[in-house]
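A short write-up of the structure that comes next.
The values are calculated or read from the model by the stated rules, or taken from the named source; none is laboratory data. What you are looking at is a predicted structure, and each value in this text was computed from that prediction instead of being measured. All Cβ positions, even for glycine, are placed from backbone atoms using ideal geometry, and neighbour counts span all protein chains on display. Accessible surface areas use protein heavy atoms only, side chains included; no ligands, DNA or RNA. Shrake-Rupley method; radii C 1.70, N 1.55, O 1.52, S 1.80 Å.
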Amino acid sequence: MRTPLIAGNFKMFKTAAETVTYVKDLRGLITASKVFGVDVVIAPPFTSLSAAVDAAAGSVIGVAAQNLHWEREGAFTGEVSAAMVHATGARLVIIGHSERRTLFGDTNETVNKKTHAAITGGLVPIVCVGETLDQRDRNETMAVLDKQIKESLDRVTGEQLSRIVIAYEPVWAIGTGRNATPAQAGEAHFHIRQRLKQWFGLDASEKCRVLYGGSVKPDNIAKLIAEPDVDGALVGGASLDPKSFFAIITGAAAK
Ligand code: PEP
């Protein structure tokens, strides 16, 4: 049985002070509620990681970075390593988000390097995959997912996969207000689960959590997470307000 995971990707929003206020509000909502059985993660910008970890201490809220560089240290201006993220107290990292793939040159090869760096550095990678609208219209969705997963997780062992999180995020659904239907998400997640079983073995495939991402909101989470292979959500816009993020967490608790 996989515990549902709801992760909030803040993207380039919120200062450290704003993040602390957010965490206080969110943990207040969680503490006051009877919601349990859902893992909760927030991914604020690098500059807010330490403050978020401090504000979340003793709560169920985990903290993730949004990216990393695969080298441990070096002359890589503007980059941050897994060891540096780990030192903030964050324990997860989003890798290969479609915005990083389309705007900042991430490829399956760099995603693979980053995934290995995260694992070596003691971080849980949340590896993002997903097709564009053109690819979906050309019926290439499953082939695109196969290539992204195979190459992004190259040389990952079954034992490592069981602790990795995969986020299926159709690019056409991110930040557009147009989410995949539960049936579309369910079909892609089922396909991903079958491939994980084929490539990493039954045990690892059953332990690996696969999140859906793309315009998840309080009013659509329940139907999405009801799909058997949807283990939670990676939430962008709707995670920025603690009340709406909490409503999504509540919706996932039904699983
Ligand atoms: C995301 O940034 O990963 C995302 C899914 O964004 P949104 O929920 O805003 O579509």
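Here are some notes:
- When Ser215 is tested against (1) closer than 22 Å to Ala64 by Cβ; (2) over 15 Å from the mean Cα position of the chain (by Cα); (3) modelled with pLDDT under 95, only condition (2) is not met.
- Test: residue in segment 184-197 that is more than 16 Å from the ligand (Cβ to nearest atom), over 21 Å from Ala43 (Cα atoms) and of a type in the set (Asp, Glu): yes
- Given (1) within 14 Å of the ligand (Cβ to nearest atom); (2) at pLDDT 95 or above; (3) under 25 Å from Asp25 (Cβ atoms); (4) not polar (S, T, N, Q), number of the condition Gly177 does not satisfy: (2)
- Meets criteria (away from the ligand (no atom under 16 Å from the Cβ) and either closer than 18 Å to Pro4 by Cα or of a type in the set (Gly, Ala, Ser) (or both)) for Arg209: no
- Residue in segment 96-106 that is farthest from Ile166 (Cα to Cα), counting only those that are within 12 Å of the ligand (Cβ to nearest atom) and open to solvent by less than 20 Å² (accessible area, probe 1.4 Å): Ser98
- Taken as a whole, the structure places Glu109 among residues that are under 12 Å from Ser152 (Cα atoms), surrounded by fewer than 16 Cβ atoms within 10 Å (Cβ to Cβ) and acidic (Asp, Glu).
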